[in-house]
Structure formats: C-alpha cells, structure tokens
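To start, the structure under review is shown below, and the notes come after it.
The values are calculated or read from the model by the stated rules, or taken from the named source; none is laboratory data. Just so we're clear, the structure is a prediction, and the values are computed from it rather than from any experiment. Virtual Cβ from ideal backbone geometry, glycine too; neighbours counted across all protein chains shown. We work out accessible area using only protein heavy atoms, side chains counted, and drop any ligands, DNA or RNA first. Shrake-Rupley method; radii C 1.70, N 1.55, O 1.52, S 1.80 Å.
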Amino acid sequence: MVFLKNPYVLTAAHFAAASLAVIIFLAIFEMVTQYKDWEEIKRGNVSVAMATGGKIFGICNIIRYSIQHNDGIGHTLLWSSYGFLLLLIAYFVFEFLTPMFKVDEEIAADNRAVGLLSMIISIAMSYVIGASII
C-alpha cells in the first residue's frame, strides 16, 4: 500500500491500531479481574488506578517495541497481541506467587502497596517482553 509509505499516514495508522489494541487488551484485562476498573477508579480507588495505569503503560510499551521492530501494521499487531498474552500470563503468575493474599481483592480494597507492585510488575515485564520482540 503506497499511502502507508507516507510518514504522516503511517503514524496515524499506528496510532489508530494501537488505540484499538489498548481498548481491546484493557477489556480483556477487565474480564479477568474481580473488580470493575473504571467503576473503582471513578470511586477514587488509587490502587486500581495504579494497576490499570501500569497495564496501559505495559501494553503501550509492548506496542512501541512492536512498531519499532516491524514494518507492517499486521506484524505489529501480531507481536503486540503476543506480547499482551505474555503480560497477561505475568499477571496470573503474580497472583499465583502471592498465596498469602488475593491480589485482586487487595487492589479492590485499595491496598496501595499491592496496587503499586502490580503497576511496577506490568511496566517491568513490558520491557522484558518488548526487548524480545523481533
């Protein structure tokens, strides 16, 4: 597609694809958590805001690496989806590695220590995942 050679069009295409991917990936994350992200954020739950912000940053960081290492939108979205799957697995591993409490319950109860740790895990793992994208 010749029009995708134009840097302005390509930037807009990446922006549109990334925006759609973030919406879809966040919806999937919301399905696997025990709380409703946006309702909790509206109520002022800072822990949910931190955890959700970490997920948004993590997803966008993975998309950034995907854009950087792939020429086409299709490959970018494929790698972004794979990276998201790995980020989702990291979320479940975090829950598994904390058997003394339920991560979702603590975040829903506005335990900011757990919310902060969840945010940092999402961000940190997105760098590891992103560095592996080819």
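Structure data summary
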read-out	value
Considering residues of the range 53-76 that are over 30 Å from I107 (Cα atoms) and of a type in the set (A, V, I, L, M) only, the residue farthest from the chain's Cα centre (by Cα)	I73
Residues of the range 54-112 classified as open to solvent by 60 Å² or more (accessible area, probe 1.4 Å) and not in a helix (DSSP H, G or I), total	7
The range 1-51: number of residues that are over 30 Å from N111 (Cβ atoms), open to solvent by 40 Å² or more (accessible area, probe 1.4 Å) and aliphatic (A, V, I, L, M)	8
Test: V128 is open to solvent by 20 Å² or more (accessible area, probe 1.4 Å), on the phi < 0 side of the Ramachandran plot and modelled with pLDDT of 95 or more	yes
Residue satisfying condition, being in a helix (DSSP H, G or I) and in contact with a helix residue (DSSP H, G or I) (Cβ under 9 Å, 6 or more places away or on another chain), within set A27, A17, A12	A17
